[in-house]
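The values are calculated or read from the model by the stated rules, or taken from the named source; none is laboratory data. The model shown is predicted, which means the values in this text are computed figures rather than measured ones. Note: ideal-geometry Cβ built from the backbone for every residue, glycine included; neighbour counts use all protein chains shown. Ligands, DNA and RNA are excluded from the accessible area calculation, which covers all protein heavy atoms including side chains. Shrake-Rupley method; radii C 1.70, N 1.55, O 1.52, S 1.80 Å.
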Amino acid sequence: MSHNIHAVVGATGATGRVIVRELSARGTAVRAVSRRVQADLPAGVTSVGADALDPASLRKAVEGASVVYHCVMPTFENWQSQFPRITRAIIEAAGDVGARVVFADDTWMYGKVNGPMSERTAESPVSHKGVLRAWLGEMLLTAHYRGVADVTIGRAPELFGPHVGSLLNASFIGAAARGKRPIYIGNPDLPITPMFIDDFARGLITLAEADDSAGRVWMIPTPPPTTARDLIQLAAPSNDRPVRFSRISSRTGKALGMVWPLAREGAEMIYQFEQPFVIDASDFTARFGANATPYAESVGATADWYRRGRMA
């Protein structure tokens, strides 16, 4: 594939901003698309204001691009009403300009599993958000095979890192980093493979630049499995003694949703942390290799970001 401009739709989100930064560092021409024009962007980055819910403005924003990253993340309460419309608009805009769509996806469509999740794991969602995710994936791949637009999907398990909103981030890693008592919802001793946001962004760029990645789903590689108990130890200012944290069951987590917005919106996803939550990215590794950031480094970087006051 010949590349010129990479347009990142949702450039102010956690994934989008890392993609913008990474592409800029590689010397790629980047168009950062968000609702408002941004200032102080890296070299080689042009900011474009556009509403992903407005097909006309979105089409204009991606004109001339060879890759369009779909990193838009509506607020949870607007998922059902906005996510399908945004995804359809991005497909159509990319198709009109002859660009590849690279979709930043998760693993919620797989539901309750008995082993590692791979691209061949049956999709059997057990939550409303999982059903919607499955639908979006089907919409994107159907568009690809109908010739509407070239599409690649990259999937990640639970994310963590700067600017990420997840059950592992502020109340767990961030709390430990600032010397507060972390909160974990689920079983902290089960194997998990959470993903550093930088690794996810780099994996999506790899898929964007590979001619043979289109028309399918790819799991992005993580380090080998760890546990929440081991992970949190890496976030503490001093790891010379075990970090004490609060463990919350799914029942309690759902009750907390009455007063804790993240728990309320994520309550139906808690099942993921009461079973092994591991992905198998061997397809990606076999084709592209693997260079996932070790957890000691990525958790440490996330903890440092929280200690600095979440400025960058």
Task: Hits in the stretch 287-298 - residues which are assigned to a helix (DSSP H, G or I) and either among the aromatic types (F, W, Y) or open to solvent by less than 60 Å² (accessible area, probe 1.4 Å) (or both) - done: F288, Y295, S298
- [ ] Name the single residue, out of those in the stretch 159-206 being surrounded by fewer than 24 Cβ atoms within 10 Å (Cβ to Cβ) and at positive phi, that is modelled with the lowest pLDDT.
- [x] G186
TODO: Check R35, R88 and return the single one that is at pLDDT below 95 and either touching a Cys at 6+ places or on another chain (Cβ under 6 Å) or on the phi < 0 side of the Ramachandran plot (or both).
DONE: R35
Open item on the list: Within the stretch 271-286, take every residue that is open to solvent by less than 30 Å² (accessible area, probe 1.4 Å) and polar (S, T, N, Q) and give me the one that is modelled with the highest pLDDT.
Closed with: Q275
Task: Meets criteria (under 22 Å from Y145 (Cα atoms) and touching a helix residue (DSSP H, G or I) at 6+ places or on another chain (Cβ under 7 Å)) for R85 - done: no
Open item on the list: Out of the residues in the stretch 224-243 meeting the condition of being in contact with a helix residue (DSSP H, G or I) (Cβ under 8 Å, 6 or more places away or on another chain) and part of a loop (DSSP other than H, G, I, E, B), tell me which one is nearest to Y295 (Cα to Cα).
Closed with: L234
Open item on the list: Just to be sure before I move on: is A156 more than 15 Å from R307 (Cα to Cα), modelled with pLDDT of 95 or more and open to solvent by less than 10 Å² (accessible area, probe 1.4 Å) in the structure I sent?
Closed with: yes
Open item on the list: So for the stretch 178-190 (the condition being of a type in the set (K, R) and either within 17 Å of the chain's Cα centre (by Cα) or within 21 Å of V20 (Cα to Cα) (or both)), does at least one residue qualify?
Closed with: no
